[in-house]
1. Just to confirm the number: angle between the C-alpha axis of helix 78-91 and the first principal axis of the chain, 0 to 90 degrees, nearest 10?
2. Where does the Debye-calculated log10 I(q)/I(0) of the stretch 24-126 sit at q = 0.19 Å⁻¹, using only Cα point scatterers of equal weight, no solvent?
3. Convex hull over the alpha-carbon atoms of the chain: what's its volume per residue in Å³?
4. With labels modelled as points extended 7 Å from the Cα through the Cβ direction, what inter-label distance (nm, one decimal) is found for Asn160 paired with Asp184?
5. Put a dot 7 Å past each Cα toward the Cβ at Gln173 and Asp44; how far apart are the dots in nm?
6. Which shape class, rounded, prolate or oblate, goes with the stretch 138-197 when its Cα gyration tensor gives a ≥ b ≥ c as root eigenvalues, a/c under 1.5 marks rounded, and past that a/b bigger than b/c marks prolate?
7. Nearest 10 degrees, 0 to 90: what angle lies between the long axis of helix 260-272 and the longest principal axis of the chain (Cα atoms)?
8. Pull out a ≥ b ≥ c, the square roots of the eigenvalues of the alpha-carbon gyration tensor of the stretch 154-273, then state rounded if a/c is under 1.5, prolate if not and a/b is larger than b/c, and oblate in the remaining case.
Amino acid sequence: MNEQNEGFVHSYGKSEFKFMKLNFRTLGAGHPLIIMHGVFGSSDNWQTLGKVFSEKFKVYLVDLRNHGNSPHSDQFDYDVMVEDIVELMNDEGIDKAHILGHSMGGKVAMHLATQHPDKVDKLIIVDIAPKYYAPHHQQIFAGFHSVDLANLENRKDADNQMSKVISNFGVRQFILKNLDRSKDGSFSWKLNLSVIESAIEKVGEGIEGKVSFNGTTLFIAGGKSDYVTSDDHELIRSFFPKAEIKVVDGAGHWVHAEKPQELSDMINEFLAT
């Protein structure tokens, strides 16, 4: 696990931003496989599958900026998140890696592949398409805001408060993975909630311009999810002409949590060929 420090100022296009020294953990040995979580998530979400993949690869489980134990910043868009990953790869001496991303992490992976194709070996995108998604996380934000952090006594209390706005236990547990308790007993959110909420429109942005990644690519959709439909296949292949598109039957958007065995089998088969 690396130190949580900000990097140096770098000019990108017409703007300047700071690289982030992202928090990450590694598992196993071999060819590097970098895994990126979705919005509101963290590297913990992929720990179970990371252990499976570590039997054949050196797995990097990454906390993207403003998430998990990585540093917070007011800058939050795909350009800066991509450069954070490039910085991590440079720091780790990784010339080229397999890249796996889910949801927002999948968008980071797509941008990385189209902006830095020389750094991507095989690309795996889980339940997200290269299109624009309108903001649709209002209930999640309501769940965060329903918790009175200043007067919170324990995690059960937080769950009880959140249950008034979110009935789904699994969704509440996903959100509450972000709850952190300090040594003095006070609670806070690990993620940078205010910045993520203000930038949520950017999270939905699609891939734009005449860009493409001609490497080996796998898109995996949840059979019960509406994030990737058959109508998206033409768009996917316009940016990723070699893309193979598969569906995990019975899975919703959180494919890795709902159908881990099916997903890991699909990914291992893809990486082995």
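1. Around 80 degrees separate the two axes.
2. Summing over Cα pairs of the stretch 24-126 leads to -0.86.
3. It is 132 Å³ per residue.
4. 2.5
5. That separation, rounded to one decimal, is 1.2 nm.
6. Note, shape of the stretch 138-197 comes out oblate.
7. Tilt relative to the chain: about 30 degrees.
8. Prolate, because a/c is 1.5 or more and a/b exceeds b/c.
Since every read-out is calculated from the coordinates, none of them should be taken as a lab result. All figures in this text were calculated on a predicted structure; none of them were measured in a lab. Methodologically, a virtual Cβ is constructed for each residue, glycine included, from the backbone with ideal geometry; neighbour enumeration extends over all protein chains shown.
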